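Worksheet: one structure, shown below.
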Amino acid sequence: MSTTLDIAMTVNGERIARRVEARQHLIDFLRLDLGLMGSHAGCEHGLCGACTVRVDGRIVRGCLVLAAALDGATVETIEGVSDTGEIRDLQNAFIARNACQCGYCTPGMLLTAADLLASKAEPTREEIREHLSGNYCRCTGYHAIVDAVEAVARQRNGKAQP
Amino acid sequence: MNEIIDPRSIDRPNSYIGKSVPRPNAKKLVEGRGQYVDDVVLPRMVHVAFVRSPHAHARIANIDAAAALKLPGVLRVFTGQDLAEHCEPWVAVLAHLKGMKSAPQHPLPPERATWVGEAVAAVVAESRAAAEDAVAKVDIAYEPLPAAVDMETALAPGAAVIHADLGDNLCFERVNESGKVDEAFAAAHRIVEATFHTARHTGLTLEPRSILADYNRASGKLTAYHSTQAPHMMQGVFAKHMGLPEGDVRVICTDVGGSYGIKVHVYPDEVAVAVIARIMGRPVKFIADRLESFATDIHARDHRIKGRMAVDAEGRITAVDVDDLTGIGPYSVYPRTSAVEGNQVVNLIGGPYDFANFRAKTTVVFQNKTPTCQYRAVGHPIATAVTEGLVDLAAEVLGLDPVEIRRRNLMRDGTYPRTSPAGMKFEGLSHEASLAKLLAMIDYPALRAEQARLRANDIHRGIGFASFIELTNPSPFMYGVGGARISAQDGCTVRIDPDGSVVAATGVTEQGQGTEAIIRQIVAEGVGVPIEQVRVITGDTLTTPYGGGTWACRGAGIGGEAALQAGIAVKQAVLKVAGAMLQASSDALDLVNGEIVDKASGQSRMPLVELSRIVYFRGDTLPPDLPRELMQTRHFITKQYPFAFTNGVQACWLEVDVDTGMVKLLKHWCVEDCGRVINPLLVDEQVRGGIVQGIGGALYEHCLYSPEGQLMIGSMADYLVPMAAEMPDIEVGHVETPTKESLLGAKGAGEAGTAGAPAAIMNAINDALKPFNAKVFAQPFTPERILAALGKVPSRWPVASSVALPLRTADASAAPALVTAPKAAAGTVREPGLFGRMFGRSRA
């Protein structure tokens, strides 16, 4: 049952080439083969959002994508967007407002929040809640997460903090 | 002597206690640079996958691993018999829970599987994927046995007895009684009664249970990287049952991805991993997948409670009488036991109220389902739902507002210390102040006006209240007196390094609630240094003082006080050295912001870093007999009260769609009193997170079983959890009644939200449904159950009913206000299995 394929992709700006098992999902590939431990497997059913990463600019559930299907793709993980500083304001807001507790959901939550703010400059609290509703957080109660995303949206628009 | 700085004087240097200081460990988490157990990779590491029982109860006749062992990458297959030789079984009872019994439990059962999902064989392979491939090839011959599934019939004549040696399926029984209950009911003006159900649910930590155990034969040492709340307890458990000296076992908690009580228990499959590591002499990793989590993480709160309350004509509670039944699975869970939840229920019911006559009985039974044990706010949400549900029923029959009946019955502020009818000792609570503060936050008259206005438009909103108490800072009365090696004390070592930086090693652990943040605040203030100079070490039995870990809301109250005392002790040590160096009395000096200063003038005398340089590198220049230990350890244990009780009150504002049965949460409020608030930012989100877990249990979460004991939830599509879109904004307020047992004055804050939320939601739903004379008492309050209460669909579930009885009243207008839910459809309706539901077959 180990059919392997050779793939090449760009991960966090670096070109990599590996031989992968056809059945391996992207999260296992990132974690086991590339050592990128920032993306977490929470349910492996595509329901919790902990494994959210970016593929070719769109957020996906890393557990629902096979690595073998991503030959030629561009993948970005929390490590990559942290190094580039792209979501530094969101990360700072999560720290300042205690929007992360155990941190297991946080990388996926941040990438989903960044995805929302990329498409909508100033979402309402309801819109933030709706967009984040595929990312499970057991610790916070979500309130602080919504606060953090709302604050960053206002900040990016040059508005005063709520 | 150092005095604790009033947290309100926040302008003083180093006064961090009471301030919203961000967590020092948050940055690594937001950058994905945390390290959870699954992120740890060791040389020669192998992986375990378990073969799990598909039967609720079956004899294991034969295990044939030949085909599995032929697969590439597969190294070993272990059975229960294989591991039994290397591990003493455990029996989870506590001596102070009189008459409690349970059966010996092994890492893997040698003879019988007793719940669906129980691990019965372990496959070890070079990768988890290879191990899972091999699991499918292990051929196990089971002989199915009769199962005891329904807790209601577990003690009935003819019920299948799970452990023959125990004689029956009774684990524990206790009646907690005071006053003259029967006389009080006989003399009551009105009696209300109802049957409540709280649904079996689970913690669903996003990081599943995880362990990486490594046994080094050369050194004879076992190291376990373990996602746990109690590393020292686990050190003792591994040592005792594997026959190792405790000193040869090291437990390391790296980052823990959520726990909520789920990760404070001994799981047989995790012990199996440690035993396998010892047998194989190499690192062995096990990370549960989500299905394994549903089937084997502890479940909780599977209770049926019949409750009644007597009130007098003035609306005062005169008596409470409850009968609790709970099913805990086939074994009591080690070492805390599965009787504690029921025991807490009978200790906590009626807790906020001033009345004299009390009787609460709990019956804890074995059954062939996943074991249950302590989950966040153990017993509290059950006790609070029953108490607050009865209070609202009483208010209704008396024609009182829910706030008014609480005002008449809550324990008065300023009447402490006192003891509750259930025997709980309260040092100091603030029910009245908390309720007053809550009412100031919610604008109650405006909500009532809005409710009345919208009812005219057929929009049905309700407001529900729940006062509660919460048990925190447990003493040895919780577990230690029962014989469990679970530490109620905790320690902290604080040291100053040559560069003037401070390191604090604490026995309490971090699972995201902010333990490291508050220890850092407390130590910085205690020593007198900028907070940036303090680093905190947690979660390593080799490097931290012996302690209990973080559970039962003890991190701040117990661990925090040890940290404060250790910090102050280090400051005293510094000032002693400084006095000698500066030829001044150490009493005339202080350590502020990393500088030795004159206490009176505040004038700087010497930087701390200069003092530490002298101590570590030029000790020859100090007086020979001068103590210069810039490292101090202090331990703390509560002594006067078995528990530090906290209190609070919640309110929920919601809308019920009476056509669909859907509940929309509009707003939630909580005022809680956890004593000294160390970090408002952290406490508020603890309370909110707790409330949302309570909301989950109240509205969504249910570990469903078929009558045969098949678990019918397999993924988060079956087991619903609160997501952002359904959750309301939650406002949190505080009243502070510090405990006098410690200098710090902190009590716990982590469970208050969960304790009160389900009751507030239940009361709000029933308030919304008032025009329809419909009520719900069985959690989760699903649309189906609400529609059943409205008589719009037949009920397939235990239907809760409530009855209000008028007694001896001359007032003819007080006719029996019989409040009943529609009758249940006769007979048991069989649930389709998991796979039937997944493929959308219609329900039978």
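Miscellaneous remarks
- Dividing the mean sequence gap of close Cα pairs (under 8 Å, 6+ apart) by how many residues the range A:85-156 holds gives a relative contact order of 47 percent.
- Spacing of the two label points (7 Å from each Cα toward its C-beta) at A:ARG156 and B:ASP401, in nm: 4.6 nm
- For the range A:4-81, the equivalent ellipsoid derived from the alpha-carbon gyration tensor has semi-axes of 17, 14, 11 Å in decreasing order.
- Viscosity 1.567 mPa s, temperature 4 °C, Stokes-Einstein D of the range A:85-156 from Kirkwood C-alpha radius, µm²/s: 110 µm²/s
- Translational diffusion coefficient of the range B:410-490 (Stokes-Einstein, Kirkwood radius from Cα pairs, 20 °C, 1.002 mPa s): 129 µm²/s.
- Order of B:LYS664, B:LYS437 under a 10 Å beta carbon neighbour criterion, fewest first: B:LYS664, B:LYS437
- If you plug the beta carbon distance of B:LYS27 and B:ALA186 into 1/(1 + (r/R0)^6) with R0 = 60 Å, you get a FRET efficiency near 0.40.
- In loop segments of the range B:67-163 as defined by DSSP, the trypsin sites (Lys or Arg not before Pro) with at most 11 further C-beta atoms inside 10 Å of their C-beta are B:LYS70, B:LYS98.
- Residues within the reach of a label modelled at B:SER585 (point 7 angstrom out along Cα to beta-carbon, backbone nitrogen below 15 Å), restricted to the range B:611-649: there are none.
- Taking every C-alpha pair closer than 8 Å and separated by at least 6 residues, the mean separation divided by the residue count of chain B gives a relative contact order of 15 percent.
- Net +/- balance of residues flanking A:VAL65 in space, Cβ distance below 13 Å, scoring K and R +1, D and E -1: 0
- Cα convex hull of chain B - mean projected area over all directions, nm²: 37.7 nm²
- The trypsin sites (Lys or Arg not before Pro) of the range A:124-162 meeting both criteria, a DSSP state outside H, G, I, E and B (loop) and at most 15 other C-beta atoms within 10 angstrom of the site's C-beta, are A:LYS159.
- With R₀ fixed at 56 Å, the C-beta to C-beta distance from B:ASP659 to B:ARG44 puts the FRET efficiency at about 0.35.
- In loop segments of the range B:565-627 as defined by DSSP, the trypsin sites (Lys or Arg not before Pro) with at most 10 further C-beta atoms inside 10 Å of their C-beta are B:ARG618.
- Near A:TYR104: Cβ cut-off under 12 Å, other residues only, Lys/Arg at +1 and Asp/Glu at -1. The net charge is -3.
- The tail of the calculated P(r) for the range B:132-223, taken as Cα-Cα distances beyond 18 Å, holds 79 percent of the pairs.
- Flagged links, alpha-carbon separation over 32 Å, of B:LYS639/B:LYS667; B:LYS27/B:LYS240; B:LYS28/B:LYS369; B:LYS19/B:LYS576; A:LYS120/B:LYS664; B:LYS180/B:LYS667: B:LYS639/B:LYS667; B:LYS27/B:LYS240; B:LYS28/B:LYS369; B:LYS180/B:LYS667
- Per residue, the convex hull spanned by the Cα atoms of the range B:554-648 amounts to 146 cubic angstrom.
- Calculated [θ] (222 nm, deg cm²/dmol) that DSSP helices of n ≥ 4 give over chain B, each run adding -39,500 (n - 2.57): -7500 deg cm²/dmol
- Listed peptides B:389-396, B:82-89, B:785-792 appear in the order B:389-396, B:785-792, B:82-89 once ranked by packing, highest mean of other Cβ atoms within 10 Å at the front.
- Cα gyration tensor of the protein assembly as shown - equivalent ellipsoid semi-axes, whole Å, descending: 42, 38, 30
- Simple spin-label estimate for B:GLU736 and A:ALA118 gives 4.4 nm between the two label positions (7 Å along the Cα-to-Cβ direction from each Cα).
- Shown is the FRET efficiency for B:ALA725 and A:ARG23, computed with R0 = 51 Å from the Cβ-Cβ distance and rounded to the nearest 0.05: 0.95.
- Near B:ALA199, the amide H atoms lying under 5 Å from its own belong to B:GLN779; only residues 5 or more places off or on other chains count, and H is placed 1.01 Å from N.
- Within 10 Å of the Cβ of each residue in B:714-725, the mean number of Cβ atoms contributed by other protein chains is 6.
- Cut-off 15 Å between beta-carbons: net charge of the residues surrounding A:GLU79, Lys and Arg +1, Asp and Glu -1: -1
- The range A:4-81 - percent relative contact order, Cα under 8 Å, separation 6 or more: 39 percent
We did not get these values from a lab; they are worked out from the coordinates using the rules stated. Since the model is a prediction, treat every value here as computed from it, not as a measurement. Methodologically, a virtual Cβ is constructed for each residue, glycine included, from the backbone with ideal geometry; neighbour enumeration extends over all protein chains shown.
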